[in-house]
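The structure appears below as structure tokens.
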Amino acid sequence: MAVRYRAKSSETEHLFKDIRFAIRQLWKSRAFTFTAVVSLALGIGATTAVFSVIYAVLLHPFPYVAADRIVQISAEDKGGNPHPVFLTGTQLQQLARVNCVDAAIAWLNWELNTTGTDLPEDVKAVFITSNASRFFGVPPALGRGLAPADAPPGHEANAVVLLTDSFWSRHFNRNRQVIGRTLEMAHKPYTVVGVFPPRFAFNGGDVYIPLAIHYDPAGLYSFSLRLKPGVTAGAARPELQSLFDRFATQTPTRYPDRFHIHLERLNDRYVRSFGRTLYLLFGAVALLLFIGCANLSILLLARGAARQGELAVRAAIGASRARLLRQLLTESVTLSLIGASFGVLAAYAIIAGIVKWLPAYSVAREAAVELNLPVLAFSVFLALLTGVIFGLSPALQMIRPQLEQALRSGAHKIAGGRRAKRTHNILIGGQIALTLLLLTAAGASVEGFRQLMQVHLGYNPLNTLDINIPLHTNSHVAQPDRAAYFEALRSRVAALPGVASVALSSNGAPPYSGPAQHVELMGKAAAEWRQANLNLVSANYFSTLDIPLAGGRIWNSQEDRRAARLAVVNETMARQFWPDRSPIGQPIRLPQLKPQPPYHVAVPNSDGWLQIIGIVADSRNDGLLAPVEPAVYLPSTLWMDMGTDLLVHARTPPLRLVHAIRREIARVDPDQQVPAYTPTLQQLVEMQPEWQQGRLIAALCGFFAATALTLALIGLSSVVSYSVAQRTNEFGIRLALGASRENVLQTVLFSVLPSVAAGLAAGTLLALGLDRFLTKLGQGTGSHPALLLAVVCLLLCGCAATCALPAWRAASLDPTAALRQE
């Protein structure tokens, strides 16, 4: 027993000695250690960070039970355009009884405001059926969830409320005694019964209130459903299509002609809008990880070649091959673990940077980005494997009977062996090829983002605020009252010092403005109706945004107040709808423009015929990259929603006016609150998903490519430096025999030329072969030949500059000193 204990103790002592020796060796070679650690840390950190974002944003963004089975339904017309679907209380009951449906909830979004306090606050309320807690399966962090007794059938819902974590923090300062307290909203008291955990954010609500379902045919509800286990969206579609076809016969005006239903999971929209971006970025960081491992391999091989003499001496004085293997294994593992440790820190830092730059509306609010341990483990394993394989190569060479040769030649012949040279050349060539591909991708993404920033908007976003004014329940329910209220807000704000102009818009400002509406042309059958984006605006909307008039005229303020039946179209609509004549004077009708009080109020016969009086220049209305859609503009008072937008063009920096604007709005209606975030139109442009994704891709690809270039040049420099150090005697002999210094310089440079040229050729072929990949990365710009040529020139110059210093040192050798070194 004692013998076994002493044996274990001896093994432990040897291990600690090996570790101490490894640390001393790494400290002595600080430049090598620093480069190897940085190579590993950046590769491991970047790969782990990007996949952690992919996992949180695309693969597992929701905390809800069976989130992959929760779907929402829309009706797609024959053109593939989705239309929202709303159901009555009776139809909701029928939907819940369908065989493929496990459960269903109904909900309504509404804007409320806190009352009974000195500082009213705008609140986003979600009225939701009382089975929501069971539907989502997310227990509250405090208190209880919604219960059936909160909204009993046939009765009004109880005045209780659940808070989100953010609203609880903001309004109650995270007071854990909040349960049972009263929250007054829209002059109605609600009892707080629970607080949701941080990741619960369905529909982006601040508070959740029980919704009582009524069976009035006019009452409509939004809804979500959960499919039964094992039922896919494709399998459920035929049964649900049959049900919604029946609903369409009951209420044909609520559905497009010849529609089919579309089932969309909670995350489908985010995968569609942002998935490609993240997967492309993951491809880029995977290349960076391989470049980092290749760089480590090059460094270890070069260092191992330089240590052949040392290992031969140690073997000659009695060190066994197993002992040498263990020592080198300890050094490699120690180096890899140090790199992995810094890789974890780098992953946290890179995750924080990516999260800060994630597009605001391209990821689910519920997504929580955290370090992904399986990917971290894989990256660390790859780094360890690389370190072990290439770190042990010197000792593996010692297994062959070369000891005497190593002692005689000082390892120079071994270092210059064909196998070692071939391995070096392959690694350098592969590293340069991947670096060229990354640089080309970075160039494409930067060029794509540059073009995006220079896209022609068709309007002037400078010095203009977009202030959203939502209406609260039962406020300004009649059309004259609502029109007078909106005009009072506009005129009061317009009178402020520093304000140049204020316009009203039902759908905000470009680059997204207006829902698609069917447009009927006189003399055309319903099958020939086409769609155009609708925006209801005040008379000065176009002058406020500097949208030029291309023909005809704009209605005046008097015509706006009396809701004149006039229309203005954009150039795209004029060109597509009336290709052979002018649209001015033509009648159009929007049959869906019907009053739906109290949500939508309108003048009598609002869906009647309108006369086109003008054409305005195109402005972006479907994002920054998509072509401009046909658009029709109507007077703002013709048909009004539960709110409007004030577009405030200022003579001074507009954000300075926000406080004064809030004060004037409160004077018109003390209960009316402006949202906390009041962006400028320029900020709205920069919030667009394509703009934010372009910026994110350009920044990260640029960073990864610059890192890969640095690592590749360091690896190349290391190989050339080690080669020069090992061939010092050879160069001394050449110089002593009369070789010129230029000849030595060329010899060093040409020694790496084949591997550099092969890497550039392979990288060029990769870039050309992956043109579709680069086109997507650059948001449509593709890999321009000039860009590829510039990248090749950059790499050539970088390689030449990297090799120049060690080559110059070789050419500057003193022959006598070089011969004496041998």
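Quick notes
- Helix 741-769 and the long axis of the chain differ in direction by around 30°, with both axes built from C-alpha atoms.
- Grouping the Cα pair distances of the chain into 20 Å bins from zero gives a pair-distance distribution of 13, 35, 28, 17, 7, 0 percent in increasing distance order.
- Here segment 477-528 exposes an accessible surface that is 60 percent carbon and sulfur, computed with a 1.4 Å probe and the other protein chains kept in place.
- Overall, the accessible surface of segment 585-651 at a probe of 1.4 angstrom is composed of carbon and sulfur to the extent of 52 percent.
- In the calculated pair-distance distribution of segment 470-544, the portion above 21 angstrom amounts to 48 percent of the Cα-Cα pairs.
- Angle in degrees between helix 418-453 and the longest Cα principal axis of the chain, rounded to the nearest 10: 20
- Ordering 39-52, 85-98, 284-297, 442-455 by mean Cβ neighbour count within 10 Å, with the highest value first, yields 39-52, 284-297, 442-455, 85-98.
- Derived scalar couplings between HN and Hα for segment 591-596 equal x, 7, 8, 9, x, 9 Hz in order, rounded to whole Hz, by the Karplus curve 6.51 cos²θ - 1.76 cosθ + 1.60 (θ = phi - 60°), x for Gly and Pro.
- Cβ-placed point charges (K, R +1; D, E -1), dipole of segment 24-172 about Cα centre in debye, nearest 20: 1020
- Dipole of the chain computed with +1 at Lys/Arg Cβ and -1 at Asp/Glu Cβ about the Cα centre; of Ala151, Tyr361, Ala550, farthest Cα towards the positive end is Tyr361.
- Dividing the C-alpha radius of gyration of segment 581-652 by 2.2 N^0.38 Å, with N its residue count, gives 1.36.
- Whole-number accessible area per residue in Å² for segment 461-604, which is evaluated in the context of all protein chains at 1.4 Å: 42
- Of the residues Gly694, Val674, Pro635, the one whose Cα sits farthest towards the positive end of the charge dipole of segment 606-738 is Gly694 (charges of +1 on Lys and Arg Cβ, -1 on Asp and Glu Cβ, taken about the Cα centre).
- Solvent-accessible area per residue, Å², over segment 678-725 with all protein chains present [probe radius 1.4 Å]: 27
- Segment 197-242 shape via C-alpha gyration tensor axes, a/c threshold 1.5: oblate
- Between Ala96, Ala141, Val126, the Cα set farthest toward the positive side of the dipole of segment 84-157 (charges on each charged residue's Cβ, about the Cα centre) is that of Ala96.
- Mean shadow area of segment 517-609 over all directions, Cα convex hull, nm²: 6.8
- Rolling a 1.4 Å probe over the protein heavy atoms gives segment 197-312 an accessible area of 39 Å² per residue.
- Total charge dipole magnitude, the chain, about the Cα centre, Cβ charges on Lys, Arg, Asp, Glu only, Debye to nearest 20: 3640
- Cα Rg, Dmax, segment 172-284, angstrom units: 20.5, 56
The values are calculated or read from the model by the stated rules, or taken from the named source; none is laboratory data. In this text the structure is predicted, and so the values were computed from the model without any measurement. Here Cβ is always computed from backbone atoms with ideal geometry, including for glycine, and neighbour counts include all displayed protein chains. For the accessible areas, the whole protein counts, side chains as well, though only heavy atoms, and no ligand, DNA or RNA atoms are used. Shrake-Rupley method; radii C 1.70, N 1.55, O 1.52, S 1.80 Å.
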